[in-house]
Every structure is written in structure tokens, then in C-alpha cells.
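Have a look at the structure below, then the notes.
The values are calculated or read from the model by the stated rules, or taken from the named source; none is laboratory data. Note that this is a predicted model, so its numbers are computed, not measured. A quick note on method: Cβ atoms are made from the backbone with ideal geometry, for glycine too, and the neighbour counts reach across all protein chains shown. Please note that ligands, DNA and RNA were not included when accessible areas were found on the heavy atoms of the full protein model with its side chains. Shrake-Rupley method; radii C 1.70, N 1.55, O 1.52, S 1.80 Å.
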Number of protein chains: 2
Amino acid sequence: MSNRNHHPIIDEARLWRTIEELGSIGMDASGGVTRLSLSSSELQGRAYIKQLMREAGLDVSEDAAGNIIGRLHGERPQEAVVMTGSHIDTVIHAGRFDGALGVLGGIEALRAIKEHGMSHARTLEVVCFTDEEGVRFGVGYLGSRAMAGDWKPEWLSETDAEGITLAEAMKAAGLQPEKVHSAARSGSDIHAYVELHIEQGRVLEHHQLPVGIASALFGHRWLEISLKGQADHAGTTPMPLRHDALSAAAETIMAVERIALEHGGVATVGTLRMVPGAINVIAGEVIFSVDLRHEDASILDAMALKIEQAAFSHKDSRGVSATVRVTDGDEPVTASGMVMEAIEGASGIADVGAMSMVCGAGHDAVAINALTGIGLILIRSREGISHHPAEWSSPEDCAAGAEVLLHTLVALANGQ
Amino acid sequence: MSNRNHHPIIDEARLWRTIEELGSIGMDASGGVTRLSLSSSELQGRAYIKQLMREAGLDVSEDAAGNIIGRLHGERPQEAVVMTGSHIDTVIHAGRFDGALGVLGGIEALRAIKEHGMSHARTLEVVCFTDEEGVRFGVGYLGSRAMAGDWKPEWLSETDAEGITLAEAMKAAGLQPEKVHSAARSGSDIHAYVELHIEQGRVLEHHQLPVGIASALFGHRWLEISLKGQADHAGTTPMPLRHDALSAAAETIMAVERIALEHGGVATVGTLRMVPGAINVIAGEVIFSVDLRHEDASILDAMALKIEQAAFSHKDSRGVSATVRVTDGDEPVTASGMVMEAIEGASGIADVGAMSMVCGAGHDAVAINALTGIGLILIRSREGISHHPAEWSSPEDCAAGAEVLLHTLVALANGQ
């Protein structure tokens, strides 16, 4: 926090202690944290969260999807609530901040609001959502999608690496998979949702600012492009007689980069496979992925189209043909203007340096957007590292984010 | 053969029958031929070759390295011999022509010379060299290098997939590995060497000609290039903050192609590996091979240098650093002017359409070049396919090549 005139309400040391305590659950000798959803370590983490909510003086409940809800009743309990939240499940060998900060920061914010007797007309809720990461059963946002009424019954049959179904894991955790639809909330019951999360990128570090205010979350398209040429002998095939699938792929990869820059989005070729893949054989086929992201769905589609055209352009020039398949995608989410304004105002009150930015990762807010207007408070990640034991945000930045969250919640609870 | 006025001396049907007979040895149900060096199928092939040489009226012997030599004594037996040859070992699941054509065409040429009572002052030899492919023990040109005096004793300890050493395999075949040095010949004993081989490329097919006369064999350099950037999240890392190793690799691959075209050589990136290789992670490292070939050693070195410079150029532009390692290489071989002229003259006598070209694949001629001037007669390969059951050259083209070989041998045998 820069040159703070504001007297902080968040207890930075207490927040940091809870990050350390939750981080120790599921931590291996090398410092990696693994709390796969509904695993024994994650269940231990959930017990910790419930206990922490109780200590914070919150009214604690759990819905049929396993979402843990800590409630701080407002002066006008009949009005739609203001909600914050995130998740405590992790990928394998993860860090201590992804998800955890949003839950712990939310609890700390509600606890501090209560302790300081801050007025809030609407009821405040902090939610620990079930299985955001989707690593164990292959489907993510389970809890937030259940709350949004987007649950699909077939998910219950999805299995983990050991063949255990989601339904079995839920039952073993004391949940009631057959009643999971009861977790659905009505949009009219939720005035707004705001989530605190680490950035998982290097933009804030680059700008030397602790906090980012998301104007949108990227939508994405995943493409699989196969370029087919001819596998020839590297020695006996002169350059003009070649149909080299890798040269065509290299041209396409350069085009992908150029198209992302021209459209103000991001695009990544993260996997590439050569067939046959021998030192002295010209590539007969190259298959690669493209991960495209943009905050505007129509621009996203335009980018995908241009990349497709680039892939098809090698037919005449190189005799290399293309197949393009869309393997995955989701639509961009625009942050609520009301929530963004509340966050901006809160940053001012908290005297925290903040910038507007687009969020490139997915969070529970994406699912909750189906119910209500959402906003995201991002905090600086060291070197942008995430999903790794080296994931790190400083105690000061965590507290700054929680302080902004607190004032945002209060403003939304007292606003129209 | 085009518009043939020449009366052929080669027996096309007999040559084709021997190609079919040898091709049936080691052939599996799907038509693939596997005769790994000194395996039971290759030993069966060697017995077939010895028998065929005897039927052709040649004086048959075998040296300590297992090279089978068929000799047709000339009118001046004290003079240096004229040699032809190739090999009958194959890669796994190969075709019927690679190597085999040179041995069978050589035997047919000597047989026809003898049957037609053609005068040849020098003695003619056709050699079936041991293990050209190098697939079984990881070292190739074993027989031709033994004959050239380039044998390395440590090769005897090389093992095959089952742990059998080359020495053991040689002994099992009745050879004497301890005496392999006795296979070395003196350069002064060999006037010239000419090898008949399938092109294994598409140049002759492209030019619609049956025969190519090699002016040189490409030398090669193999490079391994590693480009190191930074593995970042595909969603949260804006384009300007990236150090994408694959974008740098794509630029380098385009440069490799351009450099090959500018220098009149060939260059191929046949393998490429991404680290970490996940759809939503920017490549932190990309490792790829470059196979460079040219007929001029100094140009080959210049190409390698330019590619290295291209790999290093990303440090400033992208923050991607490079490591370049030379993993293999050999020097180009220039064909003997005398042998090339003899082949050109023979093509005229045989009325076979022929063009001068560079040979892009390696053959026993490379090793024998250490002893004497060499030449190569290449024949058209259908679609350039080789090392595959679909490898094919027509009976007419095989006979045309053997006819050119025959007249080349006679010219060299009677020349200065």
C-alpha cells in the first residue's frame, strides 16, 4: 500500500496467519500444497474454514453442493445479500494463495466489519465454493455452478484417477448429491458478487501496483490445428519439392502472434506434435493447439477466423492442407459497472494503488455471473507464478486486497 | 528408357526376378522387408547372393568383415580393379530396392558382360557390403569402412536391442571379428568405384528421367537448438510481457528454410519438443533439431553459422536465449570426374535419359571414397518413397540403371 493515510481495518497479521495455517494443510516436504477437491486434505481445510468462520462470528451453513457459507446479517436482512468468495481446492503441488486468499480475505473482511461495528444494510456472505479447479473429476466450478443453477446431473458420474465418482466422494464428505439442485440460488437474492484473487500474471508487478480491478474476464477459444504435408527424406528432397508441414506451422504460429497483437487479445500455441518426428525426415503432419482469449466475444470469433484462414493459406503456397477443430470455449464476462465503481471507491478509501485490467484466468465469478453482477479484485503475484509452490503475494498486498474488498462490500451493502 | 535404339545387354526380366526373389527374404505379411544386418533373414539373403554370384560365373569370396565379393577377372588381372556394390541389409519394415538394387544390378551387369563376351581389361568386382544401414548396432557402413581401413575396434562391443554384440553376431555368422582389419584394401588396388542405387527422392520423377548421375553426395551437420523463454499462464500474460520460446522457434524455423534456399542446400527441422507442453501455458523451452546438407563443406559451415545467429537473435527481441549444439556431421563427397564422364558416356551408349544431380542420401560410396574415386548412378523412385514397403522403381528403370552401370564398368575397365 502506498503512502497510507488510511487507518487499516483489516488485521494484516491475522489474515497472514490464516494463509499460513490453511497453507500448511496438504503441504508436502517441498512446500507444494495439494488439496484436491473432497480429498482428505481438502476436507481438513474445509473444517478449518468452518471453524474460522465461527471464530469470526459468522452464521455458518453448508449447502448440498458443499459450498460453505459464512453469513454476517445486515440491518435489512430481507434485502438481497452481497456475496464474496472463492475456493480452497488446489491443483496438484500448488501454492498457498490461489483461491485460498479469496476465502480467507473474505472471512477477515467480514470479521473486521463486525469487530469495528461497521454499518451494512444488506447481509454479507462469504462462500467457500466446492471444486473450482476441476482437477480431480475433470469438471470445474462445481460449487459455483450448482449455486448458479447450472449443475449437470451427469457430473456425478465423473471419476477421479482411482475410479471414485463425484457422487461417491460427495457422500463420503457427508454431502447429499441427490439434493445438489437445492444449492441453486435465485439471482434476485444476490445484489452483487465480488471476488478477491491473486492475479496469476505479471501485469501488476510490471506496473508496480498492488491491486487490479477487473473490467472483464477473458472468454476463450481452444483450436486444434492439423497441417498435413508430405513426410520426405531430409537429404533427397530439394527445398522446392517439399511440402513441409512444420514450415507451414511456423508461418501459422507467427500469424497467431500477429493476430493476437492486432486484436488486443492473447493467443498461445502451447502444444505441438510432429509426425513422424525424426531428425532426417521432413514433417508430414504437425498438430498444434491454439489458446485464444479476448474480452469481446465478437473479436474472439474474428481472431479465430483469421487464424483459421492463416492455417488454410498453405494449400497453394506449400501443398500443405489444414484441418481446424474448435475443442473448447467460453464467453467473456464483463464486470458489473456498479461493482467496479464500488471497488474503485474502496481503493480510494483504502488508499491502495489500483489499475483497471482484464482478468485472464477463470474464477468462480464466471459461474456466479449467471446470477448477478460480478467484480474481481486482483492482487499482485510475484513473477506471475501460480499453480506452483513458488506462488507468492506479500502480506502487505494480501491485506491491501482484503482492505479494498472490505470497503467494497460495505459500499455494496449500503448502496442501491 | 526413352526411344531406345540401343540393343540392351542387361536381361531385364532376369534382374527383376532376382529383385523379387531377394525381396521375398525377410518379407512379412504386409509386404515390409526386414533384413537387419547378420540376422537370420539377412544371412539367408547373403546365401542367396553368393549362389547368384556363382550362377553368374563370378569368383566368389568373403572377407573378414563379411563383405561378399564377386569377381570377373579381366584381361589384365595385375591392374587395379573396377568395383561396384551396395548392401542387402535393410531398416525395419523396408522396401525391396534400397541397397539390393546395387548388388543385384552389379551381379547382373557382370553376368551380362561375361555372357556377351565383352572385353574388359581390368578385373570387375561386385561387392555386397556388410551392414550399411547401421540400424541393428547403431553404426553404419561397417563393411565398406572395414574395406576402406576405417574400422574402429570399439564397434565390436556395440550391442543390438537384445544385448548381442557385433562381435557375437559376426562369429555366429561364421565371420572372424578378430581379423576384420584384413578386410582393408589398398587404394592403389581399386581403379574406381561406381554404385547403382535408387534415388530415394522425387527429383528424377519430377524431371521425368530414369537416371541421375551424382556430381556429389551431400555432407551434413546436425544441430540441436534449445530456446529458453519463460513458461507463463496463457490467459494472464499480455503479449508484450511474454518470452514465448515457441514464437522464437517459429521465427528460427522460417530462417532455417530461407537460409537453405539462399545457399542452394537443404535444411530440415524434423523434431521439436515443447516444455512444458500444455494448451494454456506459454512455451518455456523449445528444443528442435536441424538437419543441414550441402555439397560444399564451407557453405555447409556458413549455413550452420547463419542458423546459429538466427537462434541467438531472440535474446534482445524476445528475451529468449539459445543453446546450439552440433550433434553429428560428415563432409560432402565429390564424385570423381573420371567416373562421372564414364557414366555420362554409358548413358549415351545405353540411350538412357539422365541428368546430373546431387545425391542427398548416404551410401557405401561415401566410405569407399577414402580409397578411390567414386560415382553414383541413381534411378527414379516412385514418389520418392524409401525405407517403406511402398518403395518402388519400375522394372524398366531398374534395367536402365543396370545397363548404364554395365557400360560404365566396361568403360572404366578399359580406360586409363
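Couple of notes before you dig in:
- Among the residues making up the stretch A:111-133, those that are out of contact with any strand residue (DSSP E or B) (no Cβ under 9 Å at 6 or more places or on another chain) and either of a type in the set (Val, Ile, Thr) or free of Cβ contacts under 8 Å to residues at least 60 places away in the same chain (or both) are A:115, A:117.
- Per this entry, residue A:220 is counted among residues that are closer than 27 Å to residue A:307 by Cβ and either touching a residue at least 24 places away in the same chain (Cβ under 8 Å) or assigned to a strand (DSSP E or B) (or both).
- Within the stretch B:217-240, the set of residues being among the hydrophobic types (A, V, I, L, M, F, W, C), open to solvent by less than 10 Å² (accessible area, probe 1.4 Å) and facing chain A (nearest Cβ under 7 Å) comprises B:234 only.
- Selection count where residues are surrounded by 24 or more Cβ atoms within 10 Å (Cβ to Cβ) and assigned to a loop (DSSP other than H, G, I, E, B), scope the stretch B:373-385: 2
- Where residue B:272 falls short, out of the listed (1) within 20 Å of the chain's Cα centre (by Cα); (2) crowded, with 21+ Cβ neighbours inside 10 Å; (3) not assigned by TED's automatic domain parsing to the domain that holds residue B:356: (1)
- Verdict on residue B:410 being in a helix (DSSP H, G or I) and either open to solvent by less than 10 Å² (accessible area, probe 1.4 Å) or not hydrophobic (A, V, I, L, M, F, W, C) (or both): no
- Set B:385, B:379, B:349: member being outside the structural domain of residue B:295 (by TED's automatic domain parsing), in contact (Cβ under 8 Å) with a residue 60 or more places away in the chain and in contact with a Ser or Thr (Cβ under 6 Å, 6 or more places away or on another chain): B:379
- Output for the stretch B:255-264, where each listed residue is facing chain A (nearest Cβ under 8 Å) and open to solvent by less than 40 Å² (accessible area, probe 1.4 Å): B:257, B:260
- A count restricted to the stretch B:41-53 and to residues that are more than 16 Å from residue B:85 (Cα to Cα) and either touching a residue at least 40 places away in the same chain (Cβ under 8 Å) or in contact with a Gly (Cβ under 9 Å, 6 or more places away or on another chain) (or both) stands at 4.
- Complete set of residues in the stretch A:54-105 that are in a loop (DSSP other than H, G, I, E, B) and farther than 20 Å from residue A:22 by Cβ: A:63, A:64, A:65, A:73, A:74, A:75, A:76, A:77, A:78, A:79, A:80
- Residue match in the stretch A:315-333 (condition: open to solvent by 40 Å² or more (accessible area, probe 1.4 Å), of a type in the set (S, T, N, Q), more than 13 Å from chain B (Cβ to nearest Cβ) and under 30 Å from residue A:209 (Cα atoms)): no
- A single entry from B:65, B:100, B:56, B:80 fulfils the requirement of being within 23 Å of residue B:371 (Cα to Cα), surrounded by 15 or more Cβ atoms within 10 Å (Cβ to Cβ) and in contact with a Lys or Arg (Cβ under 7 Å, 6 or more places away or on another chain): B:80.
- The single condition from (1) open to solvent by less than 10 Å² (accessible area, probe 1.4 Å); (2) within 24 Å of residue A:186 (Cβ to Cβ); (3) within 16 Å of the chain's Cα centre (by Cα) that residue A:369 fails is (1).
- Among residues of the stretch A:241-251, those that are in a helix (DSSP H, G or I) and at the interface with another protein chain (Cβ under 8 Å from one of its Cβ atoms), counted: 6
- Flag if residue A:393 is in contact with a Leu (Cβ under 8 Å, 6 or more places away or on another chain) and part of a loop (DSSP other than H, G, I, E, B): yes
- Candidates A:340, A:355, filtered to the one that is in the same structural domain as residue A:191 (by TED's automatic domain parsing), aliphatic (A, V, I, L, M) and surrounded by fewer than 22 Cβ atoms within 10 Å (Cβ to Cβ): A:355
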